[in-house]
1. What's the extension gain from residue 36 to residue 146 if we count 0.36 nm per residue and subtract their Cα-Cα distance?
2. What is the order of 79, 191, fewest Cβ neighbours within 10 Å to most?
3. How do 54-64, 122-132, 85-95 rank on mean C-beta neighbours within 10 Å, highest first?
4. Rank the residues 45, 65 as a footprinting-exposure proxy: fewest other Cβ atoms within 10 Å of their Cβ go first.
5. Please tell me the relative contact order of the stretch 102-173 in percent, rounded to the nearest whole number, where contacts are Cα pairs under 8 Å and at least six residues apart.
6. Rounded to two decimals, what is the ratio between the C-alpha radius of gyration of the stretch 47-150 and 2.2 N^0.38 Å?
7. Give me the extension gain from residue 103 to residue 54: residue separation times 0.36 nm, minus the current Cα-Cα distance, reported in nm with one decimal.
8. Out of all Cα-Cα pairs in the stretch 21-66, roughly what percent, to the nearest whole number, are more than 14 Å apart?
């Protein structure tokens, strides 16, 4: 099964490497800083159990995976993610319940490595543009595809790896616009109107990227 969210195009900037990543240097820095600030905020937030939340930000989309004890924890994690000015969408894939054991984490790491290997071996897939995360056998793809065919190939590779139960993609397709709700509306809804300071107030307007929001399609 594949769940796909097609995201709008970002401006391409020139990179110095032979194999060019679609993300600009500025966008990469924004993503890294957002990941760090969101996780730090979770660890210092009192009254919520957020230490089991994994945060990965790619192309301005914050992927939250892991397990939390309560729905209140799940909502707070998403609220904190929205508090980063570099985040344009939050993919809240958190589950409510006990966390994973060591064996599951090892298995997920192996799945991620095998998916990355398959992407790298395919000449029709620019693997550097894809970020692969795995949780409980669910593979999440983030990044940018040059076209839908490349996204289909990447998703197909992930689905063929042993142990994969589902492939969920939050990958934008270059040149494909998407009409999505305003970021502020979703943030206000998740945070229930509570005003929270920006996690990275020193950051300027993100270097590039579309307005993102929404859940992936299931097909």
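Each reported figure results from applying straightforward, stated rules to the coordinates on display, with no laboratory input. The structure displayed is predicted, hence computed values, not measured ones. In this analysis, Cβ positions are derived from the backbone assuming ideal geometry, glycine residues included, and neighbour counts consider all displayed protein chains.
1. Values: separation 110, 0.36 × 110 = 39.60 nm, distance 2.80 nm.
Between residue 36 and residue 146, full extension yields 36.8 nm more.
2. The order, fewest Cβ neighbours first, is 191, 79.
3. 54-64, 85-95, 122-132
4. So the ranking, lowest neighbour count to highest, is 45, 65.
5. The normalised contact order for the stretch 102-173 reaches 33 percent.
6. For the stretch 47-150, the normalised Cα radius of gyration comes out at 1.17.
7. Working: separation 49, 0.36 × 49 = 17.64 nm, distance 1.71 nm.
Full extension from residue 103 to residue 54 adds 15.9 nm.
8. 51
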